[in-house]
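Novice: Once you've had a glance at the structure underneath, I'll fire off some questions.
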Amino acid sequence: MRYSLAALALIGLTACGEGEERDLPVAELDCRTGLYRNDAGDVLSLTPTSNGGYRWRMLDGRTGALKEADGAWRSTLGWTDEADGFAVELGACGDDAIQFGAEGALQHYLRVPLEITETTFEHDGLTFTGKLIWPAGAEQAPLAVHVHGSESWSAVRSNATPYLLAAEGVASFVYDKRGTGQSEGEYTQDFHVLAADARAALAEARRLAGDRIGQEGFVGGSQGGWIGPLAASETDVDFVVALYGMAVNALQEDRYEITQNLARAGWGEAEQAKGAALSEAAGVIMASDFRAGFDAFDQLRREYRDEPWYDDVEGEFTSEMLPYPSFALRIVGPSRDLGTSWEYEPMPVLRALETPQLWVIAAEDAEAPPGETIARIRTLQGEGRPIDLAIYPNADHGMIVFERSAEGEVRETGHVRDYFRQIAAWIKSRDLNYARAAGADVTAAAPPAQ
């Protein structure tokens, strides 16, 4: 959920390393993308990464990155640079088998023969690219339409979740949102526009799959937690899954992120309140498209800038604005407008939605602070809304499990246990047992009144 002002700074990014690593061509990367299964029934997905390698994922939440160096593939644990003990042999482009497993104990994995239909569809004067991924041989299956977060990469190429859901009997439709991948248009964070795009994607999925669809709905992570329910509120679907999303508005996200980060840095309620005031003032500027609110923001900056907590302010946009004078913000800010729906209030939509929802929350989410969202979802549950809630401890944004050292260094090792299995199980039967077994704090929706 990023609303970047990075163009205000000139940042040089340099990639360097010791090995003879190479970035594979897109065609060679894509030819290995897919789902693989060994003789024991274990499955893993392979999807390309932005640095010319792959990420592998398993249903139980284990994951690692693959990078080719010196003619061999190296696997690293989670999102760390640590070797994870797995060896990989991918073979030539076009092979339907890979070798994967512990060092000295490679197992043979065959590509799972999924039914994949690539498509383009027209909406709002634009051509969108999408892909239907159907479990091979399934006469009928539930269908998940995958709604994007704030990412700008191609979901058709790199979203692994559809492959892993297919292993569990759930079909998926994934598409490149406007302005990304092979879809036309300009990238935007206008939730209303993106919700309309999601509904168009659902219509295309219905056209392709027809009466093979058992039930259908939206699955959205991060910013998709706003867009998925909004899309569902204006069409007839059977479910919505919101993964590490928020039930507050986009301006409040910045405020809660700042106060949470100040609290983690050891600052008390007084300092947190001052940080919230900075965020509120910065939010006026953002919501006005950098046309108003500068006097109040400048006054608070002058008042607080010499206080020791000031350097620990970290949020979605306020912290990026703090170093720059108002004249620079006025000039550059509007050029960075992403059309974000600052005015969108999710609670009226969630309160009115009759569609069953699953909210999966990371208890330690640094990017989408969960406290107020959890309180609001529980309020809606208390009002009888059909919402299931699973809160995973020791998980950050993306439902990523992490360890924090005494020095504060974070080590991200994988997804929460049985992450993809839980998504599929809930879609198919509203089953929450995987989350319970993983230690999540689970609150199921109250059964409908008779």
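The values are calculated or read from the model by the stated rules, or taken from the named source; none is laboratory data. Everything numeric in this text was worked out from a predicted model, so none of it was measured. Quick reminder, even Gly has a Cβ in these numbers, built from the backbone with ideal geometry, and neighbours come from all protein chains shown.
Novice: Assess whether Glu403 counts as being closer than 17 Å to Ala242 by Cβ and outside any helix (DSSP H, G or I).
Specialist: No; evaluated as a whole, the condition is false for this residue.
Yes or no, residue by residue, for (1) modelled with pLDDT under 95; (2) crowded, with 21+ Cβ neighbours inside 10 Å; (3) more than 16 Å from the chain's Cα centre (by Cα):
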{"residue": "Pro370", "(1), (2), (3)": "no, yes, no"}
{"residue": "Ile377", "(1), (2), (3)": "no, yes, yes"}
{"residue": "Ile387", "(1), (2), (3)": "no, yes, yes"}
{"residue": "Pro393", "(1), (2), (3)": "no, no, yes"}
{"residue": "Tyr419", "(1), (2), (3)": "no, yes, no"}
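Novice: Of the residues in the range 353-386, how many are hydrophobic (A, V, I, L, M, F, W, C) and in contact with a Lys or Arg (Cβ under 9 Å, 6 or more places away or on another chain)?
Specialist: So the answer is 5.
Novice: Give the range 406-450 a look and list any residue that's touching a residue at least 24 places away in the same chain (Cβ under 8 Å), outside any strand (DSSP E or B) and of a type in the set (Ser, Thr, Tyr), or say none.
Specialist: The answer is Tyr419, and nothing else.
Novice: Out of the residues in the range 123-152 that are within 19 Å of the chain's Cα centre (by Cα) and of a type in the set (D, E, K, R), state the one that is surrounded by the fewest Cβ atoms within 10 Å (Cβ to Cβ).
Specialist: Restricting to residues being within 19 Å of the chain's Cα centre (by Cα) and of a type in the set (D, E, K, R), the top hit is Glu151.
Novice: For the range 47-67, how many residues meet the condition of being farther than 17 Å from Glu151 by Cα and of a type outside the set (A, V, I, L, M)? Talk me through it step by step, then tell me what you get.
Specialist: We begin by selecting, within the range 47-67, every residue farther than 17 Å from Glu151 by Cα; these are 52-54, 56-67.
Those left that are additionally of a type outside the set (A, V, I, L, M): 52-54, 56-57, 60-64, 67.
Result for the range 47-67: 11.
Novice: Looking at the range 100-159 only, could you name the residues that are of a type in the set (D, E, K, R), closer than 27 Å to Phe191 by Cα and not in a loop (DSSP other than H, G, I, E, B)?
Specialist: Scanning the range 100-159 gives Glu118, Glu122, Lys131, Arg157.
Novice: Looking at Thr235, Thr180, Thr188, which one is in contact (Cβ under 8 Å) with a residue 40 or more places away in the chain and in a loop (DSSP other than H, G, I, E, B)?
Specialist: Within the list Thr235, Thr180, Thr188, the selection yields Thr188.
Novice: Within the range 92-104, track down each residue that is exposed (fewer than 12 other Cβ atoms within 10 Å of the Cβ) and either more than 24 Å from Asp30 (Cβ to Cβ) or at pLDDT 85 or above (or both).
Specialist: Answer for the range 92-104, where residues must be exposed (fewer than 12 other Cβ atoms within 10 Å of the Cβ) and either more than 24 Å from Asp30 (Cβ to Cβ) or at pLDDT 85 or above (or both): Ala92, Ala102, Glu103, Gly104.
Novice: Of everything in the range 277-310 that's part of a loop (DSSP other than H, G, I, E, B) and among the charged types (D, E, K, R), which residue is nearest to Gln189 (Cα to Cα)?
Specialist: Among them, the one singled out is Asp289.
Novice: Among the hydroxyl-bearing types (Ser, Thr, Tyr) and in contact with a His (Cβ under 7 Å, 6 or more places away or on another chain), is that true of Tyr244?
Specialist: Working: among the hydroxyl-bearing types (Ser, Thr, Tyr): yes; in contact with a His (Cβ under 7 Å, 6 or more places away or on another chain): yes.
It is true that Tyr244 is among the hydroxyl-bearing types (Ser, Thr, Tyr) and in contact with a His (Cβ under 7 Å, 6 or more places away or on another chain).
Novice: If the requirement is being among the polar types (S, T, N, Q), within 19 Å of Asp441 (Cβ to Cβ), touching a helix residue (DSSP H, G or I) at 6+ places or on another chain (Cβ under 9 Å) and touching a residue at least 60 places away in the same chain (Cβ under 8 Å), which of these qualifies: Thr373, Thr355?
Specialist: Numbers: Thr355 fails: within 19 Å of Asp441 (Cβ to Cβ).
From the options Thr373, Thr355, the qualifying one is Thr373.
Novice: Out of all the residues in the range 25-34, which are more than 13 Å from Leu90 (Cα to Cα) and either at pLDDT 90 or above or outside any helix (DSSP H, G or I) (or both)?
Specialist: Hit for the range 25-34 is Pro25, nothing else.
Novice: All but one of (1) within 24 Å of the chain's Cα centre (by Cα); (2) at pLDDT 95 or above; (3) aliphatic (A, V, I, L, M) hold for Ala263, so report the exception by its number.
Specialist: Ala263 satisfies every listed condition except (1).
Novice: Identify, from the list Ala209, Ala205, Ala155, the residue that is surrounded by fewer than 22 Cβ atoms within 10 Å (Cβ to Cβ), in contact with a Ser or Thr (Cβ under 9 Å, 6 or more places away or on another chain) and either touching a residue at least 24 places away in the same chain (Cβ under 8 Å) or among the aromatic types (Phe, Trp, Tyr) (or both).
Specialist: Working: Ala205 fails: surrounded by fewer than 22 Cβ atoms within 10 Å (Cβ to Cβ); Ala155 fails: surrounded by fewer than 22 Cβ atoms within 10 Å (Cβ to Cβ).
Being surrounded by fewer than 22 Cβ atoms within 10 Å (Cβ to Cβ), in contact with a Ser or Thr (Cβ under 9 Å, 6 or more places away or on another chain) and either touching a residue at least 24 places away in the same chain (Cβ under 8 Å) or among the aromatic types (Phe, Trp, Tyr) (or both) holds for just one of Ala209, Ala205, Ala155, which is Ala209.
Novice: Kindly check whether there is at least one residue in the range 74-84 that is assigned by TED's automatic domain parsing to the domain that holds Thr49, surrounded by 13 or more Cβ atoms within 10 Å (Cβ to Cβ), over 27 Å from the mean Cα position of the chain (by Cα) and without any contact (Cβ under 8 Å) to a residue 24 or more places away in the chain.
Specialist: No, the range 74-84 contains no residue that is assigned by TED's automatic domain parsing to the domain that holds Thr49, surrounded by 13 or more Cβ atoms within 10 Å (Cβ to Cβ), over 27 Å from the mean Cα position of the chain (by Cα) and without any contact (Cβ under 8 Å) to a residue 24 or more places away in the chain.
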